Amino acid sequence: MIAQPLTVLNTRRAPRPRLGVFKFASCDGCQLSLLDCEDELLAVADRVEIAFFREATRRPLEGSFDVSLVEGSVSAPEQEAEIRDVRARSRFLITLGACASHGGIQALRNFSRVDDALAIVYATPETISTLPSSRPASDYVHVDLELPGCPINKRQLLSVLAQMLSGGKPRIDQHALCLDCKRQNVVCVLVAHGSPCLGPVTSTGCGVLCPSYDRPCFSCFGPAPQPNTASLAERFQAIGLSADHIRRLFQMFYNQAPEFLEEARRHE
Amino acid sequence: MTSDPYCPHPAVLRSVEPETPGVATFGMEFQEPARAAAFHHRPGQFNMVYLPGVGEVAISIASAPGEGVGLRHTIRFVGRVTNALQSLRPGAVLGLRGPYGSAWPVEEARGRDVVLVAGGLGLAPLRPAVKALLAERAQYGRLWLLYGARQPSDRLYVAEYADWERAGLELLVTVDRADASWRGAVGIVPLLFRKLALDPSRTLVLTCGPEVMMRATVHEAIDRGVAASDVYVSLERNMQCAVGLCGHCQLGPEFLCMNGPVFPYERVARFLGKEHF
Amino acid sequence: MVNTSAVVMEKSELGNLIARLWAEGYTVVGPTLAQGAIVFDELRTADQLPIGWTDEQEPGSYRLKRRDDGAYFGYAVGPHSWKKYLFPARLTLFSIERTADSFAVHQGSTDVPRYAFLGVRSCDLHAIAVQDRTFLHGPYVDPHYERRRERAFIIAVQCGTAASTCFCASMNTGPRATQGFDLALTELPEAFVVEVGSERGGALLVGLNVRAANGEIEAAHQVTETTKRQMTRTLDTSDMPALLYENLDHARWDDVAGRCLSCTNCTMVCPTCFCHSVDEVPDLLGERSERVRQWDSCFNPELSHVAGGSTRPDIRARYRQWLTHKLASWIDQFGVSGCVGCGRCITWCPVGIDLTEEVAAIRGSDRA
Ligand SMILES: Cc1cc2nc3c(=O)[nH]c(=O)nc-3n(C[C@H](O)[C@H](O)[C@H](O)COP(=O)(O)OP(=O)(O)OC[C@H]3O[C@@H](n4cnc5c(N)ncnc54)[C@H](O)[C@@H]3O)c2cc1C
Ligand code: SF4
Ligand code: SF4
Ligand code: SF4
């Protein structure tokens, strides 16, 4: 653990733990969430040393890190060695967001041939160096904790840091979003409006953003443990959704999560 | 107004004694003398041990009532809270609340033979029962302790065995995996039953350990003629409040924290065998 | 029977009653429209009530509809229950602060609102009584519940309409409220019949514009009789708890496990479910930590987590826990059923699982 427990009153504080932030292929959304934590992190500047590596691949890394936060997926050839280097230097490695843990929205390209995708997106596709698929960090190295979300929730990140600074291995809730929806007194959009909400099969963490605004959940936080996607999909069908619509719902931010991948396939 | 049953009380860590790899015994003492004086527990009960900033876990009281100053808890480091406890040094302050739950039938055992059957860390909650039985040795018939550990180095309280045996406890130990120096039995604990000259009608069986081990023990005891109401098991479930309010520890109609953890087997037999209940 | 100390109050007087409660220091909460449903929230005036609205409830479905009259209470229960006030979904129990050589416990504010609940249905009165058994009448008392409960003023409403999901008649919990309230209103076309259930209920009426009741009492009685006849859903509770205890291996558990999402909604909306977790919430400075209590559910795999895995690792085990606890082990634990027949869990289950059907299937009466 990175710090002495609060209870250790007669031992000296540990030296300031070192926190590294690394960016791989992503949209910066998660780093924005992190920057959004600036006020809170400034307040603890004397407890943690924070080193940012915006373009991780551009400079040689030095030293080691007590905690590393890795944003983005591995999607360019040089990033494979890079993620291994970060891992080797880190005691506790946390991936931030859907990209780093499941390939993210850019993993949609995994469903097609990468050359076709390049040709559509870039004017000179031959100048682009990329891996044929967008891969999560855990395909290459051991990950200690995956913070879900597209993007991650600032409060969840701060909670994880606070838990570590208190001397505990961090944990996050991963139960179905519905539990928090109800705790917050939000009216169920599926039951009351017939909106196709993925909340029942989605991991909590977002703070119930969409249902609070009367909108169905799109599963930015990925599957909850043991998601019964088949039963929910059947319900969607009963309220009038087409197979294609159902397939697209499961092919969003967590399209590479095995449970969603499989459910999407059933509606092809 | 009612006081908050969730409220922990500061206790100072006095000692940390390594027992086996990954297990240590923590000696603690309430900071407030009044609370220490008011604390009375019975063998088999447990405390909630609270580490500020990390969380709270249920831990059996491993010391016997009146045994020395403070309370002792033998803890295996398995997860978030227990691993964090591992890094504490004497002088640290943590929280305690208790004692909670039911106790071993030490009083009811007067005049009878007692077989204590422990698996692994299950010896921790049975230790105070051993001490209490031996403290009034003349009140009881034969006393056996059957103890199973994974390997010889996993045995708890080894230094005390000689004292216990001298005081009149018949100790039989078995391990799953022997090493070169091991001269004792190898195999699962319930099999040790077969070595005892039991008089089932005067025997009480008290067992604590992994649930599969306890189930095998119960069957062994009942097969040997011990009444289901004379077999006591100590059960474990997730616990948060320890006072029957949070709902986590339910097994059918029982709140394990309040009605247990120690039950006559007869009372829980119906539900204990049901997978995943 | 209708309480003989009943009076009649014009509908327009309800606003004065609400104002009176506020004036006496109560925070008045009751039904109001929000997010396409009838929920509970603060009420300052009577026109915040869902006047002229009703609800259509089916397994897995809830829709608001206009009524063709101006009824104040012409609907059944919605997604919220009163437990959100008595047993808040999230509550900081206390905080722990590091001191020089120890830690200090800071209890949260004991100054909780004095709630006046307006529009408590009979099933919900019973649900409150069920939670009283858990939080107040056991060996340990929950002080947070106690504080809120002992100050609450309860105005019941006798049900004039039942949803398709209601089955209080089967559970002997309604539709007529007979005790556990300070006042009880029955809505007639032109006025309310007000029954007085307590001294402080009677005192509240002093100075309000009410008159002695005559024929209205019989009319009020007829309101709940009609509602009772409307109720279509039933639950046969004979030989509980044995029925479920003896069927822990029934094939129906596998069947429902295929449909159940383990989403926890049924337990969240249930007015009697009391399971909760207490989490440690430390601050970033390592100086303070809060002990936060939140509603939890037997459908959350974490609820039964022990080092080494969950005691109820699959949906079958979790649904079985919910149903056997509600209808069977609750009786052993608290002397009453954990179900009051409000039907919330049926309506608010996203896939429309209906416990009355599950029980019927297990009983065998439904087996094809
Ligand atoms: C009555 C009783 C007596 C016990 N006595 C002892 C003892 O003497 N020594 C010992 O080492 N252990 C004992 N345990 C087990 C101990 O409580 C768990 O090992 C401990 O809770 C694990 O917590 P963790 O945070 O380290 O693990 P994690 O796996 O990270 O668990 C997270 C949380 O789940 C809950 N939890 C996990 N496992 C258990 C469990 N087995 N029982 C109850 N809650 C659990 C706790 O709230 C815990 O904080 C006892 C349990 C019970 C119920
Ligand atoms: S089990 Fe369902 S019907 Fe019964 S009280 Fe709970 S929510 Fe209402
Ligand atoms: S165990 Fe399940 S059914 Fe019982 S009170 Fe808890 S959440 Fe409700
Ligand atoms: S019964 Fe319905 S509401 Fe309850 S957990 Fe299952 S799917 Fe969710």
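The values are calculated or read from the model by the stated rules, or taken from the named source; none is laboratory data. All values reported here derive from a predicted model rather than from experimental measurement. Backbone-built Cβ (ideal geometry, glycine too); neighbour counts: all protein chains shown.
Here B:190, B:200, B:264, B:253 are screened, and the one residue that is within 14 Å of another protein chain (Cβ to nearest Cβ), more than 16 Å from ligand 2 (Cβ to nearest atom) and not hydrophobic (A, V, I, L, M, F, W, C) is B:253. Each residue in segment C:322-348 was checked for being within 16 Å of ligand 4 (Cβ to nearest atom) and more than 8 Å from every other protein chain (Cβ to nearest Cβ), and 11 pass.
Taking (1) within 8 Å of chain C (Cβ to nearest Cβ); (2) closer than 20 Å to residue A:100 by Cβ in turn, residue A:228 satisfies each apart from (2). Against the list (1) away from chain C (no Cβ under 14 Å); (2) surrounded by fewer than 18 Cβ atoms within 10 Å (Cβ to Cβ), the condition residue A:260 fails is (2). Just one residue in the set C:124, C:142 is more than 16 Å from ligand 4 (Cβ to nearest atom), in the same structural domain as residue C:51 (by TED's automatic domain parsing), surrounded by 22 or more Cβ atoms within 10 Å (Cβ to Cβ) and over 17 Å from the mean Cα position of the chain (by Cα); that residue is C:142.
Residues that are of a type outside the set (S, T, N, Q), within 14 Å of ligand 1 (Cβ to nearest atom) and at the interface with chain C (Cβ under 8 Å from one of its Cβ atoms) within segment B:218-250 comprise B:236, B:237, B:241, B:243, B:244, B:246, B:247, B:248, listed in sequence order.
Condition check ((1) assigned to a loop (DSSP other than H, G, I, E, B); (2) among the β-branched types (Val, Ile, Thr)) across all residues:
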| site | (1), (2) |
| --- | --- |
| A:215 | yes, no |
| A:226 | yes, no |
| A:246 | no, yes |
| A:249 | no, no |
| A:253 | yes, no |
| A:259 | no, no |
| A:265 | no, no |
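Restricting attention to segment A:148-163, report how many residues are in contact (Cβ under 8 Å) with a residue 60 or more places away in the chain and either touching a strand residue (DSSP E or B) at 6+ places or on another chain (Cβ under 9 Å) or crowded, with 23+ Cβ neighbours inside 10 Å (or both).
9
The set of residues in segment C:141-179 that are in contact with a strand residue (DSSP E or B) (Cβ under 7 Å, 6 or more places away or on another chain) and small (Gly, Ala, Ser) comprises C:152, C:156, C:160, C:163, C:164, C:177. Within segment C:268-321, the set of residues being polar (S, T, N, Q), within 8 Å of chain A (Cβ to nearest Cβ) and within 11 Å of ligand 3 (Cβ to nearest atom) comprises C:297, C:300. The single condition among (1) among the β-branched types (Val, Ile, Thr); (2) over 30 Å from residue B:82 (Cβ atoms); (3) surrounded by fewer than 21 Cβ atoms within 10 Å (Cβ to Cβ) that residue A:202 does not satisfy is (3).
Condition first: within 30 Å of residue C:162 (Cα to Cα) and within 14 Å of chain A (Cβ to nearest Cβ). Can you find one or more residues in segment C:95-103 that meet it? No, the conditions are met nowhere in segment C:95-103. State all residues of segment C:21-53 that are part of a strand (DSSP E or B) and small (Gly, Ala, Ser); if no residue qualifies, say none. Within segment C:21-53, C:30, C:34, C:37 qualify.
Inspect segment C:154-162 for any residue being in contact with a Lys or Arg (Cβ under 7 Å, 6 or more places away or on another chain) and within 15 Å of ligand 2 (Cβ to nearest atom) and give the result as yes or no. Yes, segment C:154-162 has at least one match.
Here's the yes/no breakdown for (1) within 12 Å of ligand 1 (Cβ to nearest atom); (2) touching a residue at least 24 places away in the same chain (Cβ under 8 Å); (3) in contact with a Leu (Cβ under 7 Å, 6 or more places away or on another chain); (4) hydroxyl-bearing (Ser, Thr, Tyr):
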{"site": "B:54", "(1), (2), (3), (4)": "yes, yes, no, no"}
{"site": "B:58", "(1), (2), (3), (4)": "yes, yes, no, no"}
{"site": "B:62", "(1), (2), (3), (4)": "yes, yes, no, no"}
{"site": "B:137", "(1), (2), (3), (4)": "no, yes, no, no"}
{"site": "B:144", "(1), (2), (3), (4)": "no, yes, yes, no"}
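Would you say residue C:253 is of a type outside the set (Ser, Thr, Tyr), in a helix (DSSP H, G or I), more than 8 Å from every other protein chain (Cβ to nearest Cβ) and near ligand 2 (Cβ under 10 Å from one of its atoms)? Spelling it out, it is not the case that residue C:253 is of a type outside the set (Ser, Thr, Tyr), in a helix (DSSP H, G or I), more than 8 Å from every other protein chain (Cβ to nearest Cβ) and near ligand 2 (Cβ under 10 Å from one of its atoms).
Under the condition of being in contact with a helix residue (DSSP H, G or I) (Cβ under 8 Å, 6 or more places away or on another chain) and either within 8 Å of another protein chain (Cβ to nearest Cβ) or β-branched (Val, Ile, Thr) (or both), the residues counted in segment A:162-173 number 6. Listed conditions (1) over 30 Å from residue C:287 (Cβ atoms); (2) surrounded by fewer than 17 Cβ atoms within 10 Å (Cβ to Cβ) are all met by residue C:78, apart from (2). Evaluate the following for residue C:361: is it more than 16 Å from ligand 1 (Cβ to nearest atom) and in contact with a Lys or Arg (Cβ under 9 Å, 6 or more places away or on another chain)? Taking the combined requirement at face value, the residue satisfies it. Of the strands (runs of 3 or more DSSP E) lying entirely inside segment B:167-277, the ones with 1 or more residues being among the polar types (S, T, N, Q) are found at B:170-175, B:203-208, B:231-234.
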